[in-house]
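What follows is a single structure, written as structure tokens, with notes after it.
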């Protein structure tokens, strides 16, 4: 399966109750994988922190996924996760299958697996000293 | 009959929890009762030594004033002197009430929860922070240290040393320039270990010069004391820098070229000049006579001086700009500000520069390393002012220009680099370079180190830290914002305070203003005593002290000694449960279950406590606190070294390597000599504050240091002719120890501990004699406090000095609340942003006062 497909395929999202969200983007002819996303921490005031089920092409990057979520939850989530330069804030950690992602450009799938579990932690910068 | 007299007689290893240094203890228990506490000689941290606080813990353990059962208030009126009307409740009722409150807040807006704690609960507060993170609030306040935190110093610790704090290299330093810290005398980090090591360094020949308004516990151990006016240390440092760079031309060119941004070219807009292609900062190569990106492998040399044309623009190395910038700051300029003679400043600069021995090397573990045996120390005293950022910058640059940063003999970050525990590779971190070549810390107590700076955001936290990312520690803005969140466009109010062991009413500033900020908040306190802050509590839980509780490891990056060995300890209960006291960690785990947060919390625990497979917490199981601690130890130190091993052995240690302690020569990171990014960051903060309609003075966000007067310096009236300052003493920690009878006894022996230090001539002019009761009236707050005069020649004539945080008034503290048990300095300090250094959110701590003999003498 090539990894150059255009981002034109349909993606579907459901929350833990199975209620669908509106589709946000469609992506080429890639195979789809089941993605479960969960947010943790200082983000409860802007997102639903219950597990979120998505179907996404396995050629998607983590950035595609996070952008999709930002599209769903709006500017407040963007502000909580991203710097103005489009990088993750230092207090945000993204894990795929219990391994911390080194970059948002990492692919969600590896061409082998059919599902992925993604955890997004937003840490609070509570003070020391 | 004799068989019946057989006794249990055990020595149990654990750690001290009376301050943040985490000294190792051996506790002698006979038949279930603690009879003695000694230092553990196996520990590399304190090497068997203890301070008065360490040996006195037994008296806090068995203090009859301790809270032993859960309590709830019955009087709805709250006030600093209003009896809460405590009644005993069951743990069940307490937890039901707390869980219901938390549940409601979490549903509505989790940001309405605040966590307050102190650095002396270094094990419980980090765990409570995980609880708060999981809960979803960004709001925390390490209020036990409060304004005693060295806020701006920690900021520069991150930017220049990749560490929370710093210490002089006790093995090789030969000249310690100490601006008011207690290192080597019984306060500051690694307290007893460094007291011993600094004493040994003195014997070895190290000169210790103390620059301090008061010849107090720190300065009295020095070879030379130089009295200085409070809040002017930055001016002294600027004059020294000027002498070093412009009069003596003493600086470490090689260090500046390869380990700082001194050669980076700066344009007339104050910013780096960058290459068009990669946007990397440029330097000037004098051999090839051209500009190159700082990381270009063809660079033959770095120009530190000169003026060049790059892309038609004037370009000067940062070092050239620094030298020019310093020229007005002569010793003659500094003399009337600091009251230190210009000749003395020149002499100290010369001694410091000569002793730096620039160009010399030393061989350690077969490696040839730079040898720069000088260090500059400062902390709360020098930086706790309105000019915190710019004064700290000047003080820090002294170490940097002579290349004495993280090399043998110099100033060492407190554990900036760790190659990890040899058997597991865990506990491994190292500073790294960002795209501009500047250093990013490898480990930091909070999730976001100050550099690279976080995005400037609106007022999403209750302390302005979301808007001002350069504040690394306790925010001086929290009580101001909390009292009036609408003014700061914070879209919620704090409804509940989870209060873990700090007496914040007495450790920040004007207690009346603090009361106003907190009186309408539902407060749950984990408390050893019914201290002043619990007067504002709704529920008080009987907390287990450090001798009664288990810890997931009380050690942190600033508790290990800077040299010698890595050492990680256990903190374990040395007695069985007393009354109904419980550890906060235990209770928080119970609340996690009641709130249905287990899955989230366990994930956070795995992340924050570095619990890795196969020891990660699985969400389909429920773990006890002991099991979590066991898993953490095994994850860090291997299957053989779980909790039971630590309980028996007390600690694990291994030697530090030269490249861990003296890591700078091995690192490719650079540190700023010119803080270029402060300027655009300040502009962002200003833009955000203007957008939100908040008045903030952002002018201190600048790339080079200068000296600015504190508010107290500007106020120069005959009525308020003296400065009042606060200082730390070895026999008390913040406000949490004053009810300990042994520490009370020791404090009574030292006439300064509970008294007010005042210059003999200053006292004579006011008709004040030794032991007289005097009144100190604050100009900014109008509050008056009373204490007994302790006359001395060893204090600046414009200054009165007050130790610690005494002057308790809680009726439940039978030892501490008596007349003459010290003074609460905080009554003198106002709460307000005018008294805060905006970039670091540091509270200004010197105030103008009137001092007079009290009319009524007891």
Can you pull the percent of Cα pairs in region B:557-706 with separation above 24 Å? 61
Using the alpha-carbon centroid of each, what span in Å lies between region B:20-83 and region B:741-771? 27
Residue order, fewest to most beta carbons within 10 Å, for B:796, B:258, B:649: B:649, B:258, B:796
MRE, 222 nm, helices only [DSSP H, n ≥ 4, -39500 (n - 2.57), over chain B, to nearest 500]: -7500 deg cm²/dmol
Can you compute the radius of gyration and Dmax for region B:373-415, using only the Cα atoms, both in Å? 11.0, 33
Alpha carbon centroid spacing (whole Å) that separates region B:167-244 from region B:516-545: 38
From the Cα trace of region B:56-145, what convex hull volume per residue do you get, rounded to a whole Å³? 151
For region B:737-820, what Kirkwood radius comes out of the mean inverse Cα-Cα distance, in Å? 13.6
With Cα coordinates, the longest principal axis of chain B makes an angle with the long axis of helix B:191-204, in degrees rounded to 10, of 40
Stokes-Einstein translational diffusion, the protein assembly as shown - Kirkwood Rh over all Cα pairs, 0.692 mPa s, 37 °C, in µm²/s: 112
When a footprinting reagent is the concern and you count Cβ atoms within 10 Å, what order do B:434, B:586 take, fewest first? B:434, B:586
Which value in nm describes the separation of the simple spin-label points at residue B:748 and residue B:9, placed 7 Å from the Cα toward the beta carbon? 3.3
How far, in degrees from 0 to 90, does helix B:233-242 lean away from the longest principal axis of the Cα atoms of chain B, to the nearest 10? 20
Distance in nm between label sites at residue B:200 and residue B:691, each 7 Å beyond Cα in the beta-carbon direction? 5.4
On average over all directions, what projected area in square nanometres does chain B have, based on the convex hull of its Cα atoms? 37.4
Among B:233, B:531, rank each residue by its count of other Cβ atoms within 10 Å, from fewest to most, as a rough exposure measure. B:233, B:531
What's the Kirkwood radius of region B:197-306 in Å, using all Cα pairs? 17.6
Residue A:31 to residue A:97: FRET efficiency via 1/(1 + (r/R0)^6), r the Cβ-Cβ distance, R0 22 Å, to the nearest 0.05? 0.75
Percent of all Cα-Cα pairs per 5 Å bin for region A:39-82, counting from 0 up to the last occupied bin, reads 5, 20, 32, 25, 12, 4, 0
Helix B:124-135 sits off the longest principal axis of the Cα atoms of chain B, rounded to the nearest 10 on a 0 to 90 degree scale, by 90
Averaging 1/r across every pair of distinct alpha carbons in region B:125-247 and inverting yields a Kirkwood hydrodynamic radius, in angstrom, of 16.7
Percent of alpha carbon pairs in region B:674-764 separated by more than 24 Å? 58
Return the FRET efficiency for the residue pair residue B:311, residue B:367: r is the Cβ-Cβ distance, R0 is 30 Å, and the value is rounded to the nearest 0.05. 0.10
DSSP beta bridges in region B:711-853 [antiparallel fraction, %, rounded to 5]: 65
Just to be sure I understand the curve: with the Debye formula and one point per C-alpha of region B:711-853, what is log10 I(q)/I(0) at q = 0.17 Å⁻¹? -0.93
Taking Cα pairs under 8 Å and at least six residues apart, what relative contact order does chain B come out at, in percent? 18
If I model a spin label at residue A:78 and residue B:486 as a point 7 Å from the Cα along the Cα→Cβ vector, what separation in nanometres do I get? 3.0
Along its three principal axes, how long is region B:284-355 when you only count alpha carbons? Whole Å, largest extent first please. 48, 30, 16
Would you mind getting me the FRET efficiency between residue B:432 and residue A:107? Use the beta-carbon distance for r and R0 = 25 Å, nearest 0.05. 0.55
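Rule-based calculations on the coordinates, nothing more; no lab input. Nothing here was measured: the structure is a model prediction, and the numbers come from that model. Please note: Cβ atoms are built from the backbone with ideal geometry, for glycine as well, and neighbour counts cover all protein chains shown.
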